[in-house]
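Each remark here refers to the structure printed beneath this line.
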Amino acid sequence: MSGEDSFNTLDLQTKVLKSEYKRFYLDVKQNNRGRFLKITEVLTSSSQVNTLARTKNKITLALSSIEEFRDFLNMFAEFYNNLGPTPATTTRDGKLKSEFMKKDDKRYFLDLKENSRGRFLRVSQVVRYTRQHVAFPAILLVELRNTINEIIDEFGADDGVAAQGMLPKSRECKVEQKKFYFDVGRNDRGVFLRLTEAKNNLRQNITIPRSGWKVVRDVLDDFCSYDEGYSALPITEPPSPTYKEDDGPGF
């Protein structure tokens with residue numbers, strides 16, 4: 001599931017980074033799954049007297065993963081500072097350096113790239129079929145790293161869920177042409193299981209409260225206990241009713 005849940009999300013702190021045409025909001029938040037960092041990129045129009053928000057991109061990172069993110073930022077900042085005006089090697093899509101990190105069901109692709117507008121770090125977050133990204137101008141890398149350090153100093157580098165009790169990790173499985181995702185969450189009504197069925201671009205989900213897990217398990221156990229040969233038995237139609245001559249419908 002996404003890093004941000006619709007239930008009981010608390011705003012703990014916000015920091016802002018600015019470049020010529022963008023603003024980046026770094027929001028430390030907490031919900032039923034723990035603390036996380038939400039980074040929002042807002043593209044602004046400098047031609048307007050009042051800054052006009054035109055587009056927004058965002059990613060989220062659990063606080064337990066931001067130390068690794070900070071270390072990659074430090075690596076990219078050093079690499080960028082050592083680049084000359086024209087890089088010696090680049091790929092066809094403008095990549096200068098790439099790294100990868102993973103946290104639970106989220107994957108992050110970090111690519112330092114160059115195009116006609118300059119050099120920038122693109123951070124892409126992939127969760128199952130969904131991809132989101134933000135792009136930082138390379139000149140902001142040191143400031144971004146320092147801001148992440150400030151957040152670590154104040155909030156630490158853990159998700160802060162130990163006091164609540166650790167929730168089970170998300171699971172997934174594939175059955176024929178469908179995928180099923182099992183995500184455990186917590187809201188003001190307690191712990192629940194969200195079961196999502198995905199096929200192609202279609203998704204359906206249900207939620208089961210913690211109090212009902214054993215009941216559902218027992219029902220599934222009953223189904224699983226059937227002899228597999230049962231499904232191979234021919235389906236017979238019930239016999240048609242017979243009527244006496246005077247048993248027709250009355251009017």
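Points to keep in mind about this one:
- Condition check for VAL184 on (1) modelled with pLDDT of 85 or more; (2) outside any helix (DSSP H, G or I); (3) surrounded by 13 or more Cβ atoms within 10 Å (Cβ to Cβ); (4) hydrophobic (A, V, I, L, M, F, W, C): one failure, at (1).
- Every residue from region 99-123 that is open to solvent by less than 70 Å² (accessible area, probe 1.4 Å) and aromatic (Phe, Trp, Tyr): TYR108, PHE109, PHE120
- Just one of the listed residues (LYS29, LYS22, LYS15) is within 21 Å of LEU110 (Cβ to Cβ) and either among the β-branched types (Val, Ile, Thr) or modelled with pLDDT under 95 (or both), namely LYS22.
- Among the residues listed as VAL134, VAL161, VAL126, the single one being farther than 19 Å from ARG23 by Cα, at pLDDT 90 or above, touching a strand residue (DSSP E or B) at 6+ places or on another chain (Cβ under 8 Å) and open to solvent by less than 30 Å² (accessible area, probe 1.4 Å): VAL126
- Tally of residues being farther than 19 Å from ALA135 by Cα, within 17 Å of the chain's Cα centre (by Cα) and either at pLDDT 95 or above or of a type outside the set (Gly, Ala, Ser) (or both) across region 50-109: 4
- In region 1-25, the residues that are open to solvent by 70 Å² or more (accessible area, probe 1.4 Å) and of a type outside the set (Gly, Ala, Ser) form Cβ pairs under 9 Å with partners that are at pLDDT 85 or above and not in a strand (DSSP E or B), at six or more places apart or across chains, as follows: LYS18/LEU140.
The values are calculated or read from the model by the stated rules, or taken from the named source; none is laboratory data. Model, not experiment: these values are computed from the prediction. Counting neighbours? That spans all protein chains shown, and the Cβs are built from the backbone with ideal geometry, glycine included. Protein only, heavy atoms only, side chains kept; ligands, DNA and RNA dropped before computing areas. Shrake-Rupley method; radii C 1.70, N 1.55, O 1.52, S 1.80 Å.
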